[in-house]
Structure formats: structure tokens, C-alpha cells
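Everything below concerns the one structure shown next.
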């Protein structure tokens, strides 16, 4: 999927810009680990994921330009994210998973966003790494900042600003951010105003792998990981609105009096069985790193398979390799992911694949495979629960008009809300 540009008026930029996984994060020290599932932490509260993105290798995508191939030199990059949990302190995770050389970061700050590239006065905090303001992130590695004393509200927006003095080389990034990232020449990491950030924004995140908060009352096993392709990543939702289905699911949990983080491990264009240059490593290759290698994950919502079905009929540089697959191929891959999750004591909810008739690469064969996979998801008993996305948004073999994005295969904001509302909260 995501082979066509965003074409919604809801993206108020000069152009609608758009589709892997980091090395496993270092294990947290024993004192930092969360308590067993179902128990509230005693003493100091643990670190809890507030936001994540699944990193991708640098890639050229014509329909959704980004800065990943060129990287950065004597430039400041300010990136906006939404925290899914409240806390009294935060720390930032940086990934150089696809870097060939160490990433030299000359300085970094975090602040509360004030809209666009501006930040709220009085909230800028320096980010340090082992007490130092500059750091080298090893090639293929990830680093976590020291704690920064910045209180964070659930669903509040943060701006993480990174300054690269030396050439960064091609940048590990996440393509589909659906929010602005802003770039300025020189060091503007402590600027409050947006004045220096005059370039048109990018709609991708660079080097950011996660933000954790301390002080959340939730313990081990309470984070939900939404894992999948562009239907999880939110393609077709509204720019800056944070109405992807994981966002809305987190809001539902909070409204129900059971707040917990729902982190997004989707990658637009991602396939279950095969990786590609533009759309990341396969789900089979990245599942452990993006979903399971966390101390706080309790449940994974798994929505994969659409691109395995569709991309063989849409060949190109970004989709290759994409062999034609059977429903048995897909269900075999899903079974492998379920086994890996169960081995970690993680629950898995299986999401059915929504319809896509009306999309330019729909075929009768693909529809047959989709229906067979969905029947297996509903009836096999392989999962701990089912999220029937198909029935939530379908009008026969098509997405219901009020839920459909213009391309016929993705959902709009209302459609992603329908997906979130299809999740049985008790299953989480």
C-alpha cells in the first residue's frame, strides 16, 4: 500500500509529502524494570513507553519526499510527537539502526510544543547522555538519554530538537509521521520561536525511536503495541490530528478509566513475509525488535497481510520482492509471530484485513486470499482475541464510503476510529 500520494485538503503543506527496526534496545537495569503484570509498582515508579516509532532504513520515495538519504550537516531538526502517557520525567531514545558509521550528535533538547516549530517558553530542557551534551550513537545501535525533568501530560505534544554539526550520513528514520519535522541551518536547538525553521517541513521522523516517561501508575505488561502496516501507521488519517487507530484506542482506554499507552509499531507498505527497500524489513524480521523487546509490553494487536496480497500486482522498486502468496503462506507467518509472542508471555489480538475493491490493484485472486485469511483469523482460535476490522469498516467487498480514504484501500480518520472502537477493551 501507500503507493499513491496523500491528496487530502487536511494536509495544509506546500506539498503532501509520505510508507527497520532498530537494534534491540539495551535491557533496562534491574531497578528500572517494571513490576509483574497485574501488580502496581512499589517505591520509585518505572519507565513507561509514551511514544515509539519503528525505524526504517534511509529510502528515496518519490511520492513522499524526505531527508533521510542526504542526512544532516550543521543543521538543527525539530520533531513533534504526541506522548501517550503522563510522567514527571522523560527520556528520549535515539536509533542509528541503519547507520554505517557512528552518529555524532552535537546537542539536543526537549520541550513542550507550542505548535509548528515553536516551543513553549520556559520548557526547554537539554538532553544529556551520561552527563554529556554531545554523544556518538554507535552504527547499528541505540542510545537512551539521561532523565530530563520535564512533566508530561498524557496526549500532550513534545518537540525533540537535534543538532548535527558534523555530517550525519544517511539517516535512520520513520517515513510516515503525519506531523511536521522542521529544519534550520546552524544550531537552533534551544530556540523557542519558529523563526529559524524556514524550510517546508518534512512529514517524517529522524533518529527518534521512542520517548519514555517516569511516574506513570501503570506497571509491567500494560503497554499495548499496535503492530502492522500503513493501516496501523495511519496513512489516510488527518495531518496533525493524531487520529490513527492506536491514538484513538489510547483515548478510549483513558476515557474508560483504564489508561495505558498504545504505541505504534506500524510501517506503511510493510509486508508480513518479505521486506523491501522503501517499506522496511518484513514483519517476521522486525517483530521481536519492534514489539517484543520491551519490558512493558502486555498485548500486541497484529494487523498484517494486506501488502503481501496487493504488492505482487503492483510491481516496482519499492515493492520488490513481492511473490504471489497463498492464504496458507500468510497464516503460517502469522502463526510464527503468535508463537514468538507467547514465548515472551505477551497476548496477541488478531485483526482481520479490510476490503480493498476499488483500489487500482484489486484482483479476484487477492480477494479470495483475503477472505480465507480472515476466516482463519476469526475461527482458528490461534489468537487471544479478534479485532474484526473487516466487519467494522466493510460494505461488502469495499470499504464503507464514510470510512474510505480516496484510494479505496486505506481508511480516513472516521475509519480509523471505527477500527479503534472494534477493539474489546477487556481483551487488553
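The values are calculated or read from the model by the stated rules, or taken from the named source; none is laboratory data. Predicted model only: the values in this text are computed from it and were never measured. Reconstructed Cβ throughout: ideal geometry from the backbone, glycine too, with neighbour counts over all protein chains shown.
How many residues, within region 384-393, are in a loop (DSSP other than H, G, I, E, B) and within 17 Å of residue 231 (Cβ to Cβ)?
At the first step, the residues of region 384-393 found to be in a loop (DSSP other than H, G, I, E, B) are 384, 388.
In the following step, the residues that additionally are within 17 Å of residue 231 (Cβ to Cβ) were identified as 388.
Number satisfying all stated conditions: 1.
Condition first: within 25 Å of residue 215 (Cα to Cα) and part of a strand (DSSP E or B). Now tell me which residues in region 126-159 satisfy that.
So in region 126-159, the residues within 25 Å of residue 215 (Cα to Cα) come out as 126-133, 142-159.
Selection gives 126, 129, 132, 142, 143, 144, 148, 152, 157, 158, 159.
For residue 196, which of the numbered conditions (1) over 23 Å from residue 96 (Cβ atoms); (2) crowded, with 22+ Cβ neighbours inside 10 Å fails to hold?
It is condition (2) that residue 196 fails.
Please work out if residue 289 is assigned by TED's automatic domain parsing to the domain that holds residue 385 and closer than 20 Å to residue 384 by Cβ.
Working: assigned by TED's automatic domain parsing to the domain that holds residue 385: yes; closer than 20 Å to residue 384 by Cβ: no.
When the stated conditions are applied, residue 289 does not pass them.
Give, as residue ranges, the helices (runs of 4 or more DSSP H) completely inside region 181-293 that count at least 3 residues that are out of contact with any strand residue (DSSP E or B) (no Cβ under 8 Å at 6 or more places or on another chain).
Details: elements: 230-233, 245-255, 283-287.
Output list reads 245-255.
Scan region 248-267 for residues that are buried (at least 24 other Cβ atoms within 10 Å of the Cβ) and within 18 Å of residue 389 (Cβ to Cβ) and report the count.
So the answer is 7.
Is one or more of the residues making up region 167-181 in contact with a helix residue (DSSP H, G or I) (Cβ under 7 Å, 6 or more places away or on another chain) and surrounded by 19 or more Cβ atoms within 10 Å (Cβ to Cβ)?
Within region 167-181, the first condition is being in contact with a helix residue (DSSP H, G or I) (Cβ under 7 Å, 6 or more places away or on another chain), and the residues that meet it are 176.
Checking which are surrounded by 19 or more Cβ atoms within 10 Å (Cβ to Cβ) leaves us with 176.
Scanning region 167-181 turns up at least one residue that is in contact with a helix residue (DSSP H, G or I) (Cβ under 7 Å, 6 or more places away or on another chain) and surrounded by 19 or more Cβ atoms within 10 Å (Cβ to Cβ).
Could you please give the count of residues in region 399-428 that are crowded, with 19+ Cβ neighbours inside 10 Å and over 22 Å from the mean Cα position of the chain (by Cα)?
Qualifying residue count for the region: 1.
So is residue 156 surrounded by fewer than 22 Cβ atoms within 10 Å (Cβ to Cβ), out of contact with any strand residue (DSSP E or B) (no Cβ under 6 Å at 6 or more places or on another chain) and within 30 Å of residue 241 (Cα to Cα) or not?
Details: surrounded by fewer than 22 Cβ atoms within 10 Å (Cβ to Cβ): yes; out of contact with any strand residue (DSSP E or B) (no Cβ under 6 Å at 6 or more places or on another chain): yes; within 30 Å of residue 241 (Cα to Cα): yes.
Yes: the conditions hold for residue 156.
Run down 313, 296 and say which single residue is in contact with a helix residue (DSSP H, G or I) (Cβ under 9 Å, 6 or more places away or on another chain) and modelled with pLDDT under 95. I'd like the intermediate steps shown before the answer.
Working: 296 fails: in contact with a helix residue (DSSP H, G or I) (Cβ under 9 Å, 6 or more places away or on another chain).
Going through 313, 296 in turn, the sole match is 313.
Out of all the residues in region 395-413, which are out of contact with any strand residue (DSSP E or B) (no Cβ under 9 Å at 6 or more places or on another chain) and within 26 Å of residue 259 (Cβ to Cβ)?
413, the sole residue that qualifies.
Scan (1) closer than 24 Å to residue 134 by Cα; (2) in a loop (DSSP other than H, G, I, E, B); (3) touching a strand residue (DSSP E or B) at 6+ places or on another chain (Cβ under 8 Å) for the single condition residue 162 breaks and write down its number.
(2)
Quick check: anything in region 146-153 at pLDDT 95 or above, over 24 Å from the mean Cα position of the chain (by Cα) and over 25 Å from residue 70 (Cα atoms)?
For region 146-153, residues at pLDDT 95 or above, over 24 Å from the mean Cα position of the chain (by Cα) and over 25 Å from residue 70 (Cα atoms): present.
Quick one: in region 373-383, which of the residues that are assigned to a loop (DSSP other than H, G, I, E, B) and touching a strand residue (DSSP E or B) at 6+ places or on another chain (Cβ under 8 Å) is surrounded by the fewest Cβ atoms within 10 Å (Cβ to Cβ)?
If we filter region 373-383 for residues that are assigned to a loop (DSSP other than H, G, I, E, B), which is where we start, we get 380-383.
In the following step, the residues that additionally are touching a strand residue (DSSP E or B) at 6+ places or on another chain (Cβ under 8 Å) were identified as 382-383.
Working: 382: 16, 383: 21.
By that ranking, first place goes to 382.
Mind checking which residues of region 322-359 are part of a loop (DSSP other than H, G, I, E, B) and in contact with a helix residue (DSSP H, G or I) (Cβ under 9 Å, 6 or more places away or on another chain)? Step through it out loud before you land on a result.
Going through region 322-359, the residues part of a loop (DSSP other than H, G, I, E, B) turn out to be 322-326, 344-346, 352-356, 358.
322, 323, 324, 325, 326, 344, 346, 352, 353, 354, 355, 356, listed by residue number.
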